[in-house]
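First comes the structure, then the notes that go with it.
The values are calculated or read from the model by the stated rules, or taken from the named source; none is laboratory data. Computed from a predicted model, the values in this text were never measured in an experiment. Here the Cβ positions follow ideal geometry from the backbone for every residue, glycine too, while neighbour counts run over all protein chains shown. For the accessible areas, the whole protein counts, side chains as well, though only heavy atoms, and no ligand, DNA or RNA atoms are used. Shrake-Rupley method; radii C 1.70, N 1.55, O 1.52, S 1.80 Å.
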Amino acid sequence: MSWEGLKNILLFSLIVISGLLTWSYWFYQPNYEIDRPPHAPTKIMSNVEPDKVVQPTRVLYHEGGSYYGTYSEEYVTKMMEAIKNINIFNIQDRSERYEDTIAGLMERDGNIEIVFNDTVPLSFYKKYLKIEDSNVPEVNFDRIVIFTENSDESNHSIYFISGDKRTVIAASTENEDLKQFGESFANTKDYVRYKEVAITDERSVIVPANEQRVLGYRYLTKNVSAASFVKALFSSPDIVKQEGDIYTDGLSIMKVNSKTWTIEYKNLAVGAKEEKNPETHILQRSIDYINIHAGWDQRYRYAAMNEADKEIIYRLYIGGLPVFNDLGISEYDVEWGTENVRVYERPYVFLGDKALTKSETVLPKAEDALASFKKSMGKQYNPDKLDDMTIGYEMAVGDSTGTADIAALRPTWYFYYDQAWVKIMENTEGGIFDGLE
């Protein structure tokens, strides 16, 4: 072999080795845990108190055999502040008699039902309530039911209930507290008429009874720079290297997706070895993590939790209604290993503080919307896959609004079908629809 041929082989080998080393530096996932220095990030948005994020989203009032309700953010917040001032005692776990306890309880006249998006650990919420008992059961709840007229045979007047987990925690309150609460919130004039709409012979949803006039909005959007997120998410921003839309320090990687206006941060070291199992629940830890790493748009609310997969989703709410977007622009998503965050996704675009314009939309009655949804699904429709329906906003951003820096919030009916929120596509039939996790 000639000397020139040997040099070419050596040169080619060096290029291959250099490429492999570069790839390894950017994408290699360590198989060991590395202690990180204390994180002192740049704050992008503000901190929030956990109980301001984990808020109920609607209230139902049962009176005279009829349903009344509201999703007014102002009213729901006012009610929760009142509940925090009620003395709660004589806590009893009645989950073993779930069916007997629930039968007739939810529809009893004078009951106020406070509904959360998903289950909430009672251990998380007890710090915000005036619970006198020292021992509180380790259970979850997704609604609070309060008797405002009289208590049951055991003198219980407040219940923490989870239909999914089939748990019922009963407790007593002071008569004076209950009287004041009833005087403030047990008034049909504060609500609109709701009704029960059947999904199957066994299941139904409680929704507004009439057509709903809902405001739509247009907002000016603002962007957060990738450099700001680098400072907020990486413990040592100075050593972070950039290649296109990818940023890494060798232990973590952040990708900026300009097509979806989102960032995705991954901790590559998570799961490499057995981690400790922290006592603090992932719901609390997720809120703390976002507080430390970039902070909150304070209009976001707790939306869903998958305890098995250790995933928490927070969603944008405007005027008490959820905002949906199939690109993920209206959600924060936090996934955990055992001890540390594994994946953190959020938008880098957010809405301005005030709407530029408002316009009213009249939405059809719930049963008419449900009929249209069934028709759009065609033969694919399976009532066993439908769990809930709600009025929400479809968020359109960028080109779909006609202006790059404008976001439009359009009111529409959404359906929780097959574990995802979906809406009816206009002028389509045969099962074509939009879906959002």
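With contacts taken as Cα pairs under 8 Å and at least 6 residues apart, the range 157-230 reaches a relative contact order of 15 percent. What FRET efficiency comes out for the pair E81/T361, r = Cβ-Cβ distance, R0 = 25 Å, nearest 0.05? After rounding, the FRET efficiency stands at 0.20. Model label points for I246 and A420, set 7 angstrom from Cα along the Cα-to-Cβ axis, are 2.7 nm apart.
Across the protein chains, with a 1.4 Å probe defining accessible surface, the residues S46, S172, S134 rank S134, S46, S172 from largest area downward. Given +1 at the Cβ of Lys and Arg, -1 at the Cβ of Asp and Glu and no other charges, the dipole of the range 121-171 around its Cα centre is 260 debye to the nearest 20.
Each other residue within a Cβ distance under 13 Å of D353 adds +1 if Lys or Arg and -1 if Asp or Glu, for a net charge of +2.
Taking the square roots of 5 times each eigenvalue of the Cα gyration tensor of the range 290-388, largest first, gives ellipsoid semi-axes of 30, 23, 10 Å. Rolling a 1.4 angstrom probe over the range 261-410 with all protein chains present gives an accessible area of which 43% lies on carbon and sulfur atoms.
Measuring r between the beta carbons of Q180 and S235 and using R0 = 45 Å, the FRET efficiency lands at 0.35. With a Förster radius of 45 Å applied to the beta-carbon distance between N90 and T200, the computed FRET efficiency rounds to 0.75. The simple spin-label model puts a point 7 Å past each Cα toward its Cβ; for D190 and K385 those points are separated by 4.0 nm.
The 1.4 Å probe gives accessible areas that order R301, R97, R346, largest first, as R97, R301, R346. Simple rule: put +1 on each Lys or Arg Cβ and -1 on each Asp or Glu Cβ in the range 160-233, find the dipole, and look at N187, F229, I206; the Cα lying farthest toward the positive end is F229. Among the protein heavy atoms, those of H281 account for about 50 Å² of accessible surface (1.4 Å probe, every chain in place).
In the structure displayed, which of K354/K374; K130/K354; K266/K310; K126/K222; K52/K222 lie more than 25 Å apart, Cα to Cα? As for pairs spanning more than 25 Å Cα to Cα, those are K354/K374; K130/K354; K126/K222. In the context of the full set of protein chains, residues of the range 75-170 present 44 Å² of accessible surface per residue (probe radius 1.4 Å, heavy atoms only). What separates the Cα centres of the range 197-249 and the range 341-420 is a distance of 13 Å. Mean separation of Cα pairs under 8 Å and 6 or more residues apart, divided by the residue count, gives the range 41-199 a relative contact order of 29 percent. Taking the 1.4 Å solvent-accessible surface of the range 96-160 as the whole, the part contributed by carbon and sulfur is 37%. Put a plus charge on the Cβ of each Lys and Arg, a minus charge on the Cβ of each Asp and Glu, and nothing anywhere else: the dipole of the range 99-231 about its Cα centre is then about 1160 debye. Considering only N291, A355, T280, and ranking their Cα positions along the charge dipole of the range 268-359 that arises from unit charges at the beta-carbon of Lys, Arg, Asp and Glu, the one farthest toward the positive end is A355.
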